[in-house]
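Quick notes on the structure that follows.
The values are calculated or read from the model by the stated rules, or taken from the named source; none is laboratory data. Here the structure is a predicted model, which means the values were calculated and not measured. Positions of Cβ are backbone-derived with ideal geometry, glycine not excepted, and every protein chain shown enters the neighbour counts.
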Amino acid sequence: MERWGRTLLWCGGLSLALIASVLASATIGPVSIPIPVVARVVLDGISVPTLALASGPSETGAAAVSLARLGVGIEFVSPFEFSVPETSRVIVAQLRLPRIVLAAVVGFSLASAGAVMQGFFRNPMADPSIIGVSSGAAAGAVAFIVFPLSVPFGLQGMAFGGALAAAFLVYLIATEGGRTPVATLLLAGIAIQTFLGAVISFMLLQAGWQLKQAVYWLMGHLQASTWGEVGATLPVALLAFAVLAAYARDLNVLLLGEADARSLGIEVERTKRILLGIASVITAGAVAVAGVIGFVGLIVPHVMRLLVGPDHRILLPTSALAGAVFLVLADTAARTGPAELPVGIVTAALGAPFFIYLLRRREVHAL
Amino acid sequence: MIELDGVGVSLGGQSIVERVSFEVPEGTLVGLVGPNGAGKTTVVKTINGLLAPDDGEVRIDGDPVTGLSAREVSRRVATVPQDTSLGFDFPVREVVAMGRTPHRSRFERTSPVDREAVAEALERTRIAEFADRSIEAVSGGERQRVILARALCQRSSHLLLDEPTASLDIGHGVRILRLAREFVSEGKTALAAIHELDLAARFCEELVLLADGEVLATGPPEAVLTETDLEAAFGVDVAVTSHPVTGAVSATALPDRPSRSASVHVLGSGQEGAAAITRCWRAGFRTTAGTLPKGDVALARARALDIEAATTEPFAPISPAARQESARMIREADVTVLAEGREAYRELAAASERTVVFGENDVNEGGADDGPRAIGATAASGGTEGDATLDTPIENGEHECEGSERVQVGSDDTLVDAIERVLDGRDGSEN
């Protein structure tokens, strides 16, 4: 089918672009490391799960999934053993790659949530923060930074919890009698954002030496990212994306308007709840580790819509991949300047002029 | 089969429709007519499950709609909504294919049945040639057909159309309703909310007249589109006639008219007579009309305006009874308008105290044939004379009948003036 072909082509191309930008980004930094070395480090890091007939408990210990009783184990085998200088290996594998991969995951999450929100709200100005997710995360994070709190998962836990709490609150405010009108949701989102803005400002006033850390978090950053953060965000992002992708066709029908969608057999309110919930979770996951990074969720889906059209079956995956590429590049720019910048500044500084350009060319008018 | 049983819906605490009961049997297209705000759209939305009734219930093939899931409803009922504007540029084909949503599960790919349904819908609605264009790039009439194609694609046995012809030109409107007729000719069921009464009368077997949220009348168009009911529903004077071409019931809202105490009797058949009747009626005179042959346009006009008229057989001399009746009306009227210069009419008019001669008929030349004609023709025989009468609206009453004031009228607007003048005692003939 034509659409499948187009989807595969676009996704394939964007995946290649993502791999290329990840590798290229890993070469850039205070120490320049050539691409072949980066490639070798990456290939070395690959471990392939293989079925292995084991005689008793596997020697690989923790890595083996215990199907031992059947005499079958799963072992992780690294197919490549390249020799790479240890310093390069550490720089690439422990310092640069976690940050780059996290940038990709965050961009992926924000852009897919943005595509869903714009379709859901049938509003080109919608982005993942519109229902208060970002403000909630910011309030949680700043509270954690400013006040001596002890919570599980620390800063990220507070941000994630704050994000979901704010989104849920907005949903509760906007819902009456089982119906959640989109316009009310939008306004409730704005109200909660404004209120949380006040709370955040107040907390910043109370902050002493932590002020700088709080402001830095608010600007959105990917500094000092770890594989742990990737490990926590990536599954959330992939799982949530899979659900959103399964609803791509419903999102298309929702574009016709809720009444039409209902008469075409979509359980509108339930679908809205699911989409809102999942988009909030995927956004919360990204914001919790990276702070408030603006514009990715707004402009990436927009640009992709211009390129591939409004059909969410192709728009959603391409937006997600393009978001990943965009944030990898933006973060690379952020960390290679004379002074390292929070990536949120870069995305907004690059994104806004580009968006204005699109506006002036009248290419951004509706969905 | 759609059944509404005592349905009441209120929105925001305000009752929109009440006690609405009617049914749409298989194989029929029922028109839901009524003024704006009567609750037509609400009824449609209650049938497709968008609104839940507060009282009563809606049943589709015997099952209450409220008990069905959105998907089950959408497999039984397809809806063409009132507002079909879409704010994004899907290709037409994709919009049509969305009609398959009720039949596809989330992970199912497009099946041959889906593809066949889409192709058939595109074909039927004749939009196949622009199936790959963006929905944004087609005209309003074409977009309506796209949405209808989407509904046909659902392959449901019931079709709801909410104002499918509003904002369409007559060509597109008629095309849409023909497609709806095709739909019901397969034994399916359709309900169309239409505010154009003539189209509804022409295409629907039955009508439901809704006013102020309640059913005022149901039945075949002739029974529903009566002046009394329409005037009650729409709050204006309505003329109901039979359409000269389609033969369907045709209703026209009439302008408000002032009320005058004077009465006028119009003598004259054909277009001239009809025009005179209309002008007198519109000016607010109590109007009667005389000796009109059956089947004549003037008689049809008189009937439509609820004007008393003396009738006679066509292609025959005026019957004595008709002559007598007309003469009585002339005696009772303050003014007689002679709209056709036929001998028989002139004889009748002679009995009148005040006569106004209307139209381009020369009173002297008329009356070559004595029998009234079924189809009126303007007797504008002499070009020069016709022009002269047009230029000088009020002419000398040269051919006065004994004891009666006469005024000749040429231009349309002055008929009423002339009647007024005659009534005032100024005959306009002072030289």
*Of all residues making up region A:221-249, the number that are facing chain B (nearest Cβ under 8 Å) and farther than 19 Å from A:PHE108 by Cα*: 1
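Any residue that is touching a Pro at 6+ places or on another chain (Cβ under 7 Å) and in the same structural domain as B:GLU340 (by TED's automatic domain parsing) - is there at least one of those in region B:262-275? If you could, list the steps in order and put the result at the bottom.
From region B:262-275, those touching a Pro at 6+ places or on another chain (Cβ under 7 Å) are B:269; that's our starting set.
Narrowing further to those that are in the same structural domain as B:GLU340 (by TED's automatic domain parsing): B:269.
The answer is yes, given that some residue of region B:262-275 is touching a Pro at 6+ places or on another chain (Cβ under 7 Å) and in the same structural domain as B:GLU340 (by TED's automatic domain parsing).
Would you confirm, using the coordinates I've provided, whether A:LEU234 is outside any loop (DSSP other than H, G, I, E, B), at pLDDT 90 or above and at negative phi? Steps first, answer last, please.
On the way: outside any loop (DSSP other than H, G, I, E, B): yes; at pLDDT 90 or above: yes; at negative phi: yes.
So A:LEU234 passes the test.
Quick check on region A:158-173. Is at least one of its residues of a type in the set (Ser, Thr, Tyr), surrounded by fewer than 24 Cβ atoms within 10 Å (Cβ to Cβ), assigned to a loop (DSSP other than H, G, I, E, B) and assigned by TED's automatic domain parsing to the domain that holds A:THR226? Quick ask: steps written out before the conclusion?
Step one: list which residues in region A:158-173 are of a type in the set (Ser, Thr, Tyr), which gives A:171.
Pick out the ones that are also surrounded by fewer than 24 Cβ atoms within 10 Å (Cβ to Cβ) and you get A:171.
Next, only the ones that are assigned to a loop (DSSP other than H, G, I, E, B) stay: none.
Scanning region A:158-173 turns up no residue that is of a type in the set (Ser, Thr, Tyr), surrounded by fewer than 24 Cβ atoms within 10 Å (Cβ to Cβ), assigned to a loop (DSSP other than H, G, I, E, B) and assigned by TED's automatic domain parsing to the domain that holds A:THR226.
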*If you scan region A:263-312, which residues turn out to be within 14 Å of chain B (Cβ to nearest Cβ) and farther than 30 Å from B:THR101 by Cβ?*
none
*Hey, B:LEU159 hits all of (1) farther than 28 Å from B:PRO25 by Cα; (2) of a type outside the set (Phe, Trp, Tyr); (3) part of a strand (DSSP E or B) but one; which does it fall short on?*
(1)
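Right, B:LEU122: modelled with pLDDT of 90 or more, buried (at least 21 other Cβ atoms within 10 Å of the Cβ) and away from chain A (no Cβ under 13 Å) or not?
On the way: modelled with pLDDT of 90 or more: yes; buried (at least 21 other Cβ atoms within 10 Å of the Cβ): yes; away from chain A (no Cβ under 13 Å): yes.
When the stated conditions are applied, B:LEU122 passes them.
Got a sec? Which strands (runs of 3 or more DSSP E) wholly within region B:1-118 have at least 3 residues that are at the interface with another protein chain (Cβ under 8 Å from one of its Cβ atoms)?
B:77-80
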*Right, A:VAL142: in contact (Cβ under 8 Å) with a residue 12 or more places away in the chain, within 26 Å of the chain's Cα centre (by Cα), assigned by TED's automatic domain parsing to the domain that holds A:VAL289 and crowded, with 24+ Cβ neighbours inside 10 Å or not?*
yes
*For region B:126-156, enumerate the residues that are within 13 Å of another protein chain (Cβ to nearest Cβ), in a loop (DSSP other than H, G, I, E, B) and surrounded by 17 or more Cβ atoms within 10 Å (Cβ to Cβ).*
B:ALA131, B:GLN154, B:ARG155, B:SER156
*Within region B:323-338, considering residues that are touching a Leu at 6+ places or on another chain (Cβ under 8 Å) and either outside the structural domain of B:ALA276 (by TED's automatic domain parsing) or of a type outside the set (Ser, Thr, Tyr) (or both), the one nearest to B:VAL422 (Cα to Cα)*: B:VAL335
*Tabulated pairs, region B:94-117, first hydrophobic (A, V, I, L, M, F, W, C), second in a loop (DSSP other than H, G, I, E, B) and at pLDDT below 85, C-beta under 8 angstrom, 6+ apart or interchain*: B:VAL95/B:LEU86; B:ALA97/B:THR110
*Answer yes or no as to whether B:LEU32 is touching a residue at least 12 places away in the same chain (Cβ under 8 Å) and closer than 22 Å to B:LYS188 by Cα.*
yes
*How many residues does region B:175-199 hold that are at pLDDT 90 or above, in contact with a helix residue (DSSP H, G or I) (Cβ under 9 Å, 6 or more places away or on another chain) and over 26 Å from B:GLY39 (Cβ atoms)?*
2
*May I ask you to verify whether B:ASP334 is surrounded by fewer than 22 Cβ atoms within 10 Å (Cβ to Cβ), modelled with pLDDT under 85 and among the acidic types (Asp, Glu)?*
no
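Looking at B:ALA117, B:ALA70 in this structure, which one is small (Gly, Ala, Ser), crowded, with 17+ Cβ neighbours inside 10 Å and more than 30 Å from B:SER21 (Cβ to Cβ)?
Unique residue meeting the criteria: B:ALA117.
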*Where B:LEU160 falls short, out of the listed (1) surrounded by 14 or more Cβ atoms within 10 Å (Cβ to Cβ); (2) within 21 Å of A:ASP250 (Cα to Cα); (3) within 11 Å of chain A (Cβ to nearest Cβ)*: (2)
*asked:* Would you confirm, using the coordinates I've provided, whether A:GLN206 is in contact (Cβ under 8 Å) with a residue 12 or more places away in the chain and over 22 Å from A:SER109 (Cβ atoms)?
replied: yes
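A quick yes/no check of all residues on (1) closer than 29 Å to B:SER250 by Cβ; (2) assigned to a helix (DSSP H, G or I); (3) out of contact with any His (no Cβ under 7 Å at 6 or more places or on another chain):
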residue	(1), (2), (3)
B:LEU292	yes, no, yes
B:ASP306	yes, no, yes
B:ALA309	yes, no, yes
B:PHE315	yes, no, yes
B:GLN324	no, yes, yes
B:ALA327	no, yes, yes
B:GLY341	no, no, yes
B:LEU348	no, yes, yes
B:VAL357	no, no, yes
